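Note sheet for the following structure.
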Amino acid sequence: MIVSLILIVTATFFLMQAAPGGPFTKEKDVPPEIEAALNAHYGLDQPLYKQYFDYLYDVARWDFGPSFKYKAMTVNEIINNGFPISLFLGIEAILIAIAFGVVLGVIAALYHNKWQDYSAMIIAVFGISVPSFILATVLQYIFAIKLDLFPVARWESFMHTILPAIALSSSPMAFIARLTRSSMLEVLSNDYIKTARAKGLKKGTITMKHTIRNAMLPVVSYMGPLTAGILTGSFVIEKIFGIPGLGDEFVTSITNRDYTVIMGVTVFYSILLLISVLLVDILYGFIDPRIKLSGAKKGE
Amino acid sequence: MEKLLEVKDLEVSFQTYAGEVKAVRGVNFDLYKGETLAIVGESGSGKSVTSQTIMKLIPMPPGKISNGQILFDGEDLVPKTNKEMEKIRGKDIGMIFQDPMTSLNPTMKVGMQIIEVLIKHQNMSKGNAKDRAIELLRLVGIPSPEKRVNQYPHEFSGGMRQRAMIAIALASNPKLLIADEPTTALDVTIQAQILELMKDLQKKMETSIIFITHDLGVVANVADRVAVMYAGKIVETGTVDEIFYNPKHPYTWGLLSSMPSLDSDEKTELMAIPGSPPDLTNPPKGDAFAPRNRYAMKIDFEKEPPMFKISETHYAATWLLHPDAPKVEPPEAVKRRMKNFSSDKLRKG
Amino acid sequence: MQNIPKEMFAPATLNENEAEKISKPSLSFWKDVTSRFKKNKLSIVGIVLLVLLLFMAIFGPMMTEFDYRTTDLAHANEAPSSVHWFGTDELGRDVFTRTWEGARISLFIGLAAAIIDLVIGVLWGGISGYMGGKVDEFMMRVADILYGVPYLLLVILLMVILEQGLGTMILAMTITGWINMARIVRGQVLQLKYQEYVLAAQTLGADVKRIMFKHLIPNSMGPILVTMTLTIPNAIFTESFLSYLGLGVQVPLASWGTMASEGLPAFEYYPWRLFFPATLICITIFAFNVIGDGMRDALDPRLRK
């Protein structure tokens with residue numbers, strides 16, 4: 001895991017170096033002496049390997065350096081401003097995706113091949129087929145502009161969070177619904193469900209205590225990719241709804257070619273994702289008793 | 001002896017996308033209290049479907065009971081709703097399945113899986129149920145039951161899992177235990193242990209057992225009476241001695257001759273029954289076994305044979321028992337058995 | 001008992017062949033799969049849509065007298081009419097023509113990405129799985145580390161650095177996209193390489209290449225095709241996403257993504273500029289997804305009768 005992280009930091013660093021021109025070449029009419037001074041100030045005239053190790057060292061100390069575009073701000077400040085907002089939005093979206101996705105999937109599986117199954121799955125396919133930014137625009141148009149039920153943009157109250165969270169959660173929710181359904185169907189075909197019925201347990205009890213608990217295992221594993229999807233989805237959703245989150249900042253920094261911000265945010269995101277994968281693995285270990293966390297094997 | 005279970009004219013079919021499959025085509029048998037009835041047959045003979053239908057475990061679409069009665073302790077189970085069956089399953093009738101690896105919930109403690117049954121059917125408190133679960137594990141021969149009760153199925157060996165399944169099935173002291181090939185997936189030595197356990201428990205708890213298997217060796221070990229099934233029907237039924245030493249149906253002959261026995265010499269061929277069971281989407285007109293039957297007569301292809309009575313306890317559905325049928329010689333292996341039978345009978349007087 | 005004529009008890013002529021006759025006609029594997037696929041109504045809808053899309057992608061731009069790049073500022077932002085069936089954009093270009101030109105580009109990107117992923121993935125996964133041992137471990141470790149890099153982040157970064165354009169986009173998408181295919185192929189190869197017909201081929205002296213290409217890969221075709229079919233909508237989605245961020249193909253080329261991103265800000269006033277490319281993106285992704293799903297279900301051995 002650490003290996004991946006170092007790889008990412010290194011790759012990001014060298015990729016940024018490979019970009020044509022320095023960070024100041026795009027700015028209008030910078031006289032060469034000023035450019036040289038700026039470069040010296042930011043340490044850009046140092047040999048490459050020194051820059052690289054300096055950067056690694058800084059990252060380890062959680063210092064991502066200054067922003068090249070917003071002269072008064074550091075990358076850390078940018079992250080600190082934007083991340084809490086994106087975090088809130090992201091968690092809201094994850095909760096919606098899981099809640100609705102699982103419910104839809106369970107219903108579809110329990111009413112397999114009946115109308116509930118078909119309609120749930122059609123909804124799911126549409127969820128996957130419509131890119132989140134298209135959905136976001138449509139939602140914005142219908143519910144905010146035309147029907148005036150929700151605010152159009154910005155991030156001022158809880159009502160402001162609803163449409164963006166829905167748009168962000170649509171694709172993951174669809175995936176979760178399909179995954180839950182196929183997992184439920186697989187579990188239902190297992191012998192131990194037959195055993196449960198042979199014990200005379202009520203249908204509802206069987207579903208809740210036996211079927212769902214076992215069917216959730218693959219869904220928990222999916223949480224890793226889910227986080228990644230929500231994260232990247234936030235880029236466009238925040239832009240469309242004018243939300244000043246980290247995703248929006250990232251997009252702006254890309255357009256502005258603000259390299260330190262790009263690097264810093266990339267590294268930050270990568271750390272986030274690696275942590276979330278780790279958490280998911282731990283969570284899975286708790287839920288599935290067949291996975292030994294401690295490594296000690298119990299005898300017979 | 002009192003009858004516990006009477007199955008009359010049972011017909012079960014399934015709607016599949018190839019058509020309607022008639023898995024059980026008119027099955028009749030009785031089960032008396034305290035006895036063990038073995039149902040023997042190949043895969044596809046309908047034995048599992050029959051046993052699962054008694055508990056109405058077959059998913060009702062696509063399956064359906066198209067005819068018949070299942071009288072359990074006098075009450076017909078066929079018209080009962082699922083809710084009503086839930087009161088009977090696990091309480092009056094228990095069932096154990098073939099594969100202990102997959103029959104237990106992998107994410108639930110074994111003890112909990114027993115406790116569930118006790119709480120549901122005997123209204124025990126959780127504490128009492130746990131104590132009883134430990135007792136049951138001890139009863140089925142699992143060592144250190146106090147520790148085992150908190151473990152998960154993957155921590156048990158195959159044989160132990162099957163014992164746990166037995167504990168679950170017998171937790172409420174049911175009148176009937178249906179065992180669907182319980183030893184097929186186990187090693188031979190474990191098999192013997194499980195069979196001993198079952199016989200032992202049966203004596204202690206006075207349970208009646210329906211034992212489903214394709215293994216005649218197991219039948220000889222545990223059964224009082226035997227019913228042989230083929231293509232959805234019972235073709236012969238009798239006591240263990242009658243079936244093994246005086247079989248009358250060519251299919252039974254085939255089964256017995258394909259079994260190696262300790263007193264057969266090298267010259268005796270092991271006979272395989274050629275061909276495979278018929279496709280039950282289109283059940284054949286006459287005797288379903290006819291195409292594979294060396295002794296088939298013209299009528300076997302035209303009409304299904306009725307059950308002919310051989311003794312009070314012994315019946316077989318074959319035209320060979322019709323008074324007009326020619327006398328045929330059963331295969332060598334079977335003839336030798338029959339000799340042992342009659343000489344035994346003479347000795348017993 | 002009714003009277004049965006005595007002749008009925010004469011022995012029947014037993015035809016040995018009768019006994020061994022297989023009672024159902026055996027279908028070849030692929031015929032079985034296609035017949036199951038055809039029964040899936042949703043997948044058929046997907047195929048129909050796909051055929052229509054391809055048809056329009058090829059012939060659409062030829063249907064009007066306009067081409068995709070000529071600007072006509074006098075007729076900018078016009079609503080759909082009998083002259084401009086899909087309306088015009090802010091530079092007066094015909095949206096209908098641009099939409100179908102965009103179809104060509106988007107579909108091309110999707111197909112290119114899928115094929116490149118296929119080639120790299122099959123080779124990597126096939127070799128890794130067949131060789132086994134240390135080679136397998138190493139190759140998979142590399143794949144795992146690469147897989148740990150968040151896909152879209154990497155794509156975005158690459159697009160930022162390299163010269164924008166079609167080629168770059170495809171490169172960026174395939175740099176880690178092949179890993180999924182490699183894993184699937186490796187899984188299949190691992191399963192199949194212990195099958196007896198492989199052993200038989202080896203005994204007959206077949207070399208590695210022959211075994212791979214004549215035995216292992218053809219028998220893995222099922223999951224390979226499904227994965228390919230599902231890569232295409234993913235690529236189209238990524239393309240539209242990148243274009244929205246301004247990292248797409250360059251003006252004046254039109255892809256659905258760039259058209260959608262240009263149409264988004266003007267949505268309230270000139271909705272047709274977003275509507276057509278966006279709807280087509282959705283329809284295309286939908287079609288490929290249901291086809292892929294249908295193929296996956298048709299190939300599932302558990303559903304076999």
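Against the conditions (1) at the interface with another protein chain (Cβ under 8 Å from one of its Cβ atoms); (2) under 21 Å from B:Ser48 (Cα atoms), B:His121 satisfies every one except (2). Considering segment B:137-155, and only residues there that are at the interface with chain A (Cβ under 10 Å from one of its Cβ atoms) and assigned to a helix (DSSP H, G or I), the residue that is nearest to B:Ser103 (Cα to Cα) turns out to be B:Pro153. Screening C:Ile115, C:Ile105 for residues that are buried (at least 19 other Cβ atoms within 10 Å of the Cβ), under 28 Å from C:Val249 (Cα atoms), at pLDDT 80 or above and not small (Gly, Ala, Ser) leaves exactly one candidate, C:Ile105.
Can you tell me which residue is nearest to the other protein chains (Cβ to nearest Cβ) among those in segment B:309-341 that are without any contact (Cβ under 8 Å) to a residue 40 or more places away in the chain and hydrophobic (A, V, I, L, M, F, W, C)?
Step one: filter segment B:309-341 for residues without any contact (Cβ under 8 Å) to a residue 40 or more places away in the chain, giving B:309, B:312, B:319, B:322-329, B:335, B:339.
If we keep only those that are hydrophobic (A, V, I, L, M, F, W, C) too, we end up with B:319, B:325, B:328.
Details: B:Trp319: 7, B:Ala325: 5, B:Val328: 9 Å.
If we take residues in segment B:309-341 being without any contact (Cβ under 8 Å) to a residue 40 or more places away in the chain and hydrophobic (A, V, I, L, M, F, W, C), then B:Ala325 is nearest to the other protein chains (Cβ to nearest Cβ).
At least 2 residues being more than 30 Å from B:Asn173 (Cα to Cα) is the threshold, and among the helices (runs of 4 or more DSSP H) wholly inside segment A:191-298 those reaching it are A:213-240, A:246-256, A:259-287. Here A:Gly233 clears all of (1) modelled with pLDDT under 85; (2) over 29 Å from C:Asp300 (Cα atoms); (3) touching a Phe, Trp or Tyr at 6+ places or on another chain (Cβ under 9 Å) except the condition numbered (1). Starting from residues that are at the interface with chain B (Cβ under 7 Å from one of its Cβ atoms) and of a type in the set (S, T, N, Q), keep the ones in segment A:166-203 and report whichever is nearest to the chain's Cα centre (by Cα). In this case the residue turns out to be A:Asn190.
Only one entry in A:Gln46, A:Gln51 is part of a loop (DSSP other than H, G, I, E, B), among the polar types (S, T, N, Q) and at pLDDT below 80, namely A:Gln46. Has segment B:98-112 got any residue that is in contact with a strand residue (DSSP E or B) (Cβ under 7 Å, 6 or more places away or on another chain) and either assigned to a loop (DSSP other than H, G, I, E, B) or within 22 Å of A:Arg290 (Cα to Cα) (or both)? Within segment B:98-112, one or more residues are in contact with a strand residue (DSSP E or B) (Cβ under 7 Å, 6 or more places away or on another chain) and either assigned to a loop (DSSP other than H, G, I, E, B) or within 22 Å of A:Arg290 (Cα to Cα) (or both).
Considering only residues in segment B:289-300 that are within 20 Å of B:Ser45 (Cβ to Cβ) and facing another protein chain (nearest Cβ under 7 Å), the one that is surrounded by the fewest Cβ atoms within 10 Å (Cβ to Cβ) turns out to be B:Arg294.
When B:Lys309 is tested against the conditions (1) surrounded by fewer than 16 Cβ atoms within 10 Å (Cβ to Cβ); (2) closer than 16 Å to B:Val235 by Cα; (3) out of contact with any Phe, Trp or Tyr (no Cβ under 7 Å at 6 or more places or on another chain), the lone failure is (3). The residue pairs whose first member lies in segment C:190-207 and is free of Cβ contacts under 8 Å to residues at least 12 places away in the same chain and surrounded by 11 or more Cβ atoms within 10 Å (Cβ to Cβ), whose second member is hydrophobic (A, V, I, L, M, F, W, C) and in a helix (DSSP H, G or I), and whose beta carbons are closer than 7 Å, counting only pairs six or more residues apart or on different chains, are C:Gln202/C:Ile211.
Just to be sure before I move on: is C:Phe275 more than 9 Å from chain A (Cβ to nearest Cβ), free of Cβ contacts under 8 Å to residues at least 40 places away in the same chain and out of contact with any Asp or Glu (no Cβ under 6 Å at 6 or more places or on another chain) in the structure I sent?
Numbers: more than 9 Å from chain A (Cβ to nearest Cβ): yes; free of Cβ contacts under 8 Å to residues at least 40 places away in the same chain: yes; out of contact with any Asp or Glu (no Cβ under 6 Å at 6 or more places or on another chain): yes.
Criteria met by C:Phe275.
The residue list B:Glu269, B:Glu329 contains one member that is in a loop (DSSP other than H, G, I, E, B) and modelled with pLDDT under 80, which is B:Glu269.
Only a single item in (1) among the charged types (D, E, K, R); (2) surrounded by 15 or more Cβ atoms within 10 Å (Cβ to Cβ); (3) without any contact (Cβ under 8 Å) to a residue 24 or more places away in the chain is not met by B:Asp76, and it is number (2). Which of the residues that make up segment A:107-127 are away from chain C (no Cβ under 14 Å) and touching a Lys or Arg at 6+ places or on another chain (Cβ under 8 Å)? Result: A:Ala109, single match. Filter segment A:244-260 down to the residues that are farther than 17 Å from A:Ile85 by Cα and either buried (at least 22 other Cβ atoms within 10 Å of the Cβ) or more than 10 Å from every other protein chain (Cβ to nearest Cβ) (or both) and list them by number. Listed by number, the residues that qualify are A:Ser253, A:Asn256, A:Asp258, A:Tyr259, A:Thr260.
Just so you know, in segment B:42-64 the residues that are within 12 Å of chain A (Cβ to nearest Cβ) and not in a loop (DSSP other than H, G, I, E, B) include one that is farthest from B:Thr213 (Cα to Cα), and it is B:Ile54. If C:Ala200 satisfies every condition in (1) within 26 Å of A:Ala124 (Cβ to Cβ); (2) more than 10 Å from every other protein chain (Cβ to nearest Cβ) but one, which is the exception? Among (1) within 26 Å of A:Ala124 (Cβ to Cβ); (2) more than 10 Å from every other protein chain (Cβ to nearest Cβ), C:Ala200 violates only (1).
If you check C:Val155, C:Val142, C:Val122 for being in a helix (DSSP H, G or I), of a type in the set (Val, Ile, Thr) and farther than 29 Å from C:Phe288 by Cα, only one passes: C:Val142.
Could you tell me how many of the residues in segment B:322-339 are under 25 Å from B:Lys303 (Cα atoms) and β-branched (Val, Ile, Thr)?
Step one: filter segment B:322-339 for residues under 25 Å from B:Lys303 (Cα atoms), giving B:322-331.
Filter once more, keeping what is β-branched (Val, Ile, Thr): B:328.
Count: 1.
In segment B:84-97, the qualifying residues are those that are at the interface with chain A (Cβ under 8 Å from one of its Cβ atoms) and part of a helix (DSSP H, G or I), and the one that is surrounded by the fewest Cβ atoms within 10 Å (Cβ to Cβ) is B:Lys87. Where helices (runs of 4 or more DSSP H) fall entirely within segment A:67-140, those with at least 1 residues that are charged (D, E, K, R) are at A:75-110, A:115-129.
The values are calculated or read from the model by the stated rules, or taken from the named source; none is laboratory data. Since this is a predicted model, take the numbers as computed values, not measurements. Using ideal geometry, Cβ is built from the backbone for each residue, glycine included, and neighbour counts are taken over all protein chains shown.
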